[in-house]
Amino acid sequence: MHKAEARPRQHDHPGAAARGAAAASDGGRARLCLAPPGPMESSAGLALEPSLYTVKAIFILDSFGQRLLAKYYNGTFPSLKEQKIFEKNVFNKTHKTDSEIAFLEGLTIVYKSSIDLFLYVVGSANENELMLMLVLNCLFESLNHMLRKNVEKRTLMENMDGAFLMVDEIVDGGVILESDPQQVVQNVNFRVDDSPLSEHSVTQVLQSAKEQIKWSLLK
C-alpha cells in the first residue's frame, strides 16, 4: 500500500487539461458530458490513453469516518469490505489536514469538510485534479442548496434520497454528466416534483434511491 501524501491544491497538474464539454440528451433535458482529457505521458515517457471514466468513487463520511453515502464506479474496490477499508484509510489521512488533495493507493482524492461531514471525490493517479474538484464543488453546492445551507449530518440523513439523486445527476458510471449545481437541482426537482410523471413513477425513483442507501450502509 502506497503511503498517502497530502498537499495544497494545485491549479496545474501534470495530467491533461479538460478538453471541453459535449451536450447529451436525457429525457429532453440538456446534459453536460465532459470530454475526456488528451493523451498524457507517464514518468517512463509512455503515452497514457485518455479515459472518459473520470471519477472512480464519490463518498461522504461523518466526523467519525462512518459512511453515509457512497458510489463506486468501474470496478473500483468491488467488494464492500475493500470499500470500507479504503474509506477508513482515506479518512485517517485527511480528516486532520487542511489540504484539499491527497494521494493514496495509486488514486487522486479531492475533499472538503462541512461541520461534521467529509465529502470525497476519487480519480486515477493521472487524473486532472481540477476535473475532480469541479465534481466536488458541484456536489457540495447542490447539497448546500437542497439542505438550505445546512450541510451537516442531521440534515443530510433527512434528505438522503435527494442526495443520491444528485450524485446520479452529476456522475453516471464514472462519467461526469453535469457540473452546474443549479442544473443539478433543477434536474432532481424535475424528476421528482415538476415532471408530468405518474405517482407510481415518482415512487419508483424514490424507491431506487432508498435501495442505494440500504446497500451503501450495509455492513
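Quick notes
- The stretch 47-62 - residue that is part of a loop (DSSP other than H, G, I, E, B) and at pLDDT 95 or above and, of those, most open to solvent (accessible area, probe 1.4 Å): K56
- Boolean, N128 is within 13 Å of I60 (Cβ to Cβ), over 14 Å from the mean Cα position of the chain (by Cα) and of a type in the set (S, T, N, Q): no
- Total residues in the stretch 63-84 satisfying the condition of being at positive phi and buried (at least 17 other Cβ atoms within 10 Å of the Cβ): the figure is 1.
- Pairs are defined by a Cβ separation below 7 Å, a sequence spacing of at least 6 or placement on different chains, a first member in the stretch 149-169 that is within 21 Å of L132 (Cα to Cα), and a second member that is open to solvent by 40 Å² or more (accessible area, probe 1.4 Å) and among the basic types (K, R); the pairs so defined are L165/R191; V167/K71.
- Where a residue in the stretch 78-100 is in contact (Cβ under 8 Å) with a residue 12 or more places away in the chain and its partner, wherever it lies, is polar (S, T, N, Q), with Cβ under 8 Å and at least six apart: H95/S63; H95/S113
- Candidates S201, S216, S195, filtered to the one that is at pLDDT below 70, on the phi < 0 side of the Ramachandran plot, buried (at least 17 other Cβ atoms within 10 Å of the Cβ) and not β-branched (V, I, T): S216
- Looking only at the stretch 85-110, and only at residues there that are open to solvent by 10 Å² or more (accessible area, probe 1.4 Å) and of a type in the set (F, W, Y), the one that is nearest to K56 (Cα to Cα): F103
- L68 under 16 Å from the mean Cα position of the chain (by Cα) and at pLDDT 95 or above: yes
- Whenever a residue of the stretch 108-134 is over 22 Å from K153 (Cα atoms), its partners that are part of a helix (DSSP H, G or I), lying with C-beta atoms within less than 6 angstrom and at least six residues away or across chains, give the pairs G123/L132.
The values are calculated or read from the model by the stated rules, or taken from the named source; none is laboratory data. Just so you know, these numbers come straight off a predicted model, no measurement behind them. Positions of Cβ are generated from backbone atoms using ideal geometry, with glycine treated the same way; all protein chains shown enter the neighbour counts. Protein only, heavy atoms only, side chains kept; ligands, DNA and RNA dropped before computing areas. Shrake-Rupley method; radii C 1.70, N 1.55, O 1.52, S 1.80 Å.
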